[in-house]
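Here the structure is laid out as structure tokens; the discussion comes afterwards.
The values are calculated or read from the model by the stated rules, or taken from the named source; none is laboratory data. Keep in mind that what you see is a predicted model, and the values were worked out from it rather than measured. Glycine gets a Cβ as well: all are built from the backbone with ideal geometry, and neighbour counts include every protein chain shown.
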Amino acid sequence: METEKTFADSKRTVCLGTGEAKFEVEYQESLPQYCEDVERVVRCVCSHAVTDYEYASGSLRVTGRSRISLVYISTSGCCLSAAFEERFTKNIDAPVTDAFAFAQVHTCTDFTNYRLINQRKLEVRSGLQVHTQVFAYMEQSQLTDCCGAILRQADAQCLEVLDAGLFSCDFDEKFAIGQHNTNISVLIHTGAFAVIDEVRAIAGKMLVKCRAELCVVYENTEHNTEKCCFTVHSSKIVDVAGMTEDSHAFAQVKIGSLFVKPVPDENNDLRRLEIAGAFCVSYTAALVSDTQLVTDAYAIAYDARVQTGTVPLLRDPQFFYDGKTLSADLSFEDTEIAEILDLSLAMQEARVQNGLLLVEVGYGVAYYDVSGNLCCKDGVTRLQLALTDDKYAGFVGAGLQSFDYILQSANRIELRVNIEYSACLYTQAEMQTVTDVELQPCTAGESPVLTLYFAAKDESLWDIAKKFRSRTELIQQENQLTEDVLRQQTILLIPGV
């Protein structure tokens, strides 16, 4: 039979799934003409950052930058360096959808291997992981009212993901070395890590401020090794539809491009450094909302045919904002470190898995061995921090703030890493909702005037009222109850309507 109904159309973003892809990239690099021939490679490391993605037919096509840093001993005995930049593209399997919204993409370097082809050319092979989380738009029509039916409404606090994406911030600055430093002869090594200084939610926009901490090691004109440290800053405002000042934003930053070269000052002395490059930022923006959904229905005077559907929700969000000092040991077999020249760290990725904050930190250690040779060790150390005992998923923004180290023995270094993080944890759940109710003439008899019912522990008054075509408020009133769920077995008087 026809009855008056009210429906509401809703559009929300839903997570279709997470994925992990591992693959390798391979490059061949030739030294610039101004570089001397290679006698021995001291350090060759490759780092990666995803800069963009494109979704098509169940495939996520990611593009990114690979930054290769080379430190070597030349045939003349000098310690020299060279930097290269490449681009990569990879198709990654993703859930199939016609309503793709956006994706969260992070990458982490697994390893770097190299082979010297000749004294001016080398082959670099590097492995990387890409972690993805794909979101799609979901449109539904939900019943909000139906004349002649009793509707059960449930309130849920949910996380609505507004946007996720990638963008770049360029920087190009010049710095003078310290007044007590000697003029630059050649650059040896540049260590750098990027930090998110601020993420601010604005109406319709998001402000992200980044900085990079750099340490440049060079040989001066007196053939001694010196180093100097600098800080570069950059910021960008990104449009985010639906963003309000009450929204939450999470960001991670990596250095996607970096070039450092000495330039002459006003006296034509090499006492200045030009530092240029780009930050690669991945972000997620979300908003907490209170959602009211119709989860069940019945009628007293009619037979009700209830049609249901499921709504995927990110429920019960929890937020964490804190800073921690995490420790790690770097152990190197068959290595005897006499003196550490420089130790650099860079955060590669942070993510939440089963309630744990997982942090991948890349390291590079330049040192002299007991024979006085310049050597280097590179790798990735994995840190973790328990945020909750439950197996929650979530978003995270994290940054490496500072670090220090102690040489515990000739082959072991103790690291202390200070990180700041902001995280949102949630449970992924599907809630069954009522999409429509059809009322038909009642085939059963009228509701009895009064019924005696033996109720079980934890039984819901809603289920009892639905069974007897009564109302929960009448059952509560008749039996002097204040809760909707029974805490123990009991005998109830069920009034008719």
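Considered as a group, the residues in the range 200-240 that are among the polar types (S, T, N, Q) and not in a strand (DSSP E or B) include one that is nearest to residue 250 (Cα to Cα), and that residue is 224. Scanning for something at pLDDT below 90, surrounded by fewer than 18 Cβ atoms within 10 Å (Cβ to Cβ) and among the aliphatic types (A, V, I, L, M), does the range 36-44 turn up at least one residue? Looking for residues that are at pLDDT below 90, surrounded by fewer than 18 Cβ atoms within 10 Å (Cβ to Cβ) and among the aliphatic types (A, V, I, L, M), one finds none in the range 36-44, hence no.
Can you find a residue in the range 50-61 that is exposed (fewer than 15 other Cβ atoms within 10 Å of the Cβ) and either not in a strand (DSSP E or B) or not assigned by TED's automatic domain parsing to the domain that holds residue 283 (or both)? Yes; the residues of the range 50-61 include at least one that is exposed (fewer than 15 other Cβ atoms within 10 Å of the Cβ) and either not in a strand (DSSP E or B) or not assigned by TED's automatic domain parsing to the domain that holds residue 283 (or both).
Using the structure shown, decide if residue 254 is within 24 Å of residue 212 (Cα to Cα), crowded, with 22+ Cβ neighbours inside 10 Å and under 24 Å from the mean Cα position of the chain (by Cα). For residue 254, the condition - within 24 Å of residue 212 (Cα to Cα), crowded, with 22+ Cβ neighbours inside 10 Å and under 24 Å from the mean Cα position of the chain (by Cα) - is met.
Of all residues in the range 415-426, none satisfies being in the same structural domain as residue 18 (by TED's automatic domain parsing), loosely packed, with under 15 Cβ neighbours inside 10 Å, out of contact with any helix residue (DSSP H, G or I) (no Cβ under 8 Å at 6 or more places or on another chain) and outside any strand (DSSP E or B).
From the list 360, 339, 349, the one residue that fits, being in contact with a Lys or Arg (Cβ under 7 Å, 6 or more places away or on another chain), assigned to a strand (DSSP E or B) and either closer than 30 Å to residue 104 by Cα or in the same structural domain as residue 50 (by TED's automatic domain parsing) (or both), is 360.
The number of residues in the range 359-374 that are surrounded by fewer than 18 Cβ atoms within 10 Å (Cβ to Cβ) and not polar (S, T, N, Q) comes to 4. When we screen 303, 322 for residues that are of a type in the set (Asp, Glu), touching a residue at least 12 places away in the same chain (Cβ under 8 Å) and touching a Cys at 6+ places or on another chain (Cβ under 8 Å), the only hit is 303.
A quick yes/no check of all residues on (1) at pLDDT below 85; (2) over 21 Å from the mean Cα position of the chain (by Cα):
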site	(1), (2)
310	no, yes
328	no, yes
333	yes, yes
337	no, yes
346	no, no
349	no, no
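Which of the residues that make up the range 383-439 are hydroxyl-bearing (Ser, Thr, Tyr) and over 19 Å from residue 346 (Cα atoms)? 388, 392, 409, 426, 427, 433, 435, listed by residue number. For residue 166, the conditions (1) surrounded by fewer than 21 Cβ atoms within 10 Å (Cβ to Cβ); (2) farther than 30 Å from residue 295 by Cα; (3) of a type in the set (A, V, I, L, M, F, W, C) are fulfilled apart from (1).
If only residues of the range 272-304 that are over 36 Å from the mean Cα position of the chain (by Cα) and hydrophobic (A, V, I, L, M, F, W, C) are counted, the one that is modelled with the lowest pLDDT is 301.
Residue count for the range 478-497, restricted to those that are loosely packed, with under 14 Cβ neighbours inside 10 Å, over 19 Å from residue 153 (Cα atoms) and aliphatic (A, V, I, L, M): 2. Checked against the criterion of being touching a Phe, Trp or Tyr at 6+ places or on another chain (Cβ under 9 Å), hydroxyl-bearing (Ser, Thr, Tyr) and either without any contact (Cβ under 8 Å) to a residue 40 or more places away in the chain or in a strand (DSSP E or B) (or both), the range 38-47 contains not a single residue that satisfies it.
Of all the numbered requirements in (1) more than 17 Å from residue 305 (Cα to Cα); (2) surrounded by 17 or more Cβ atoms within 10 Å (Cβ to Cβ); (3) at pLDDT 85 or above, residue 434 misses one, and that requirement is (1).
Within the set 464, 475, the sole residue that is crowded, with 17+ Cβ neighbours inside 10 Å, within 30 Å of residue 146 (Cα to Cα), without any contact (Cβ under 8 Å) to a residue 24 or more places away in the chain and not acidic (Asp, Glu) turns out to be 475.
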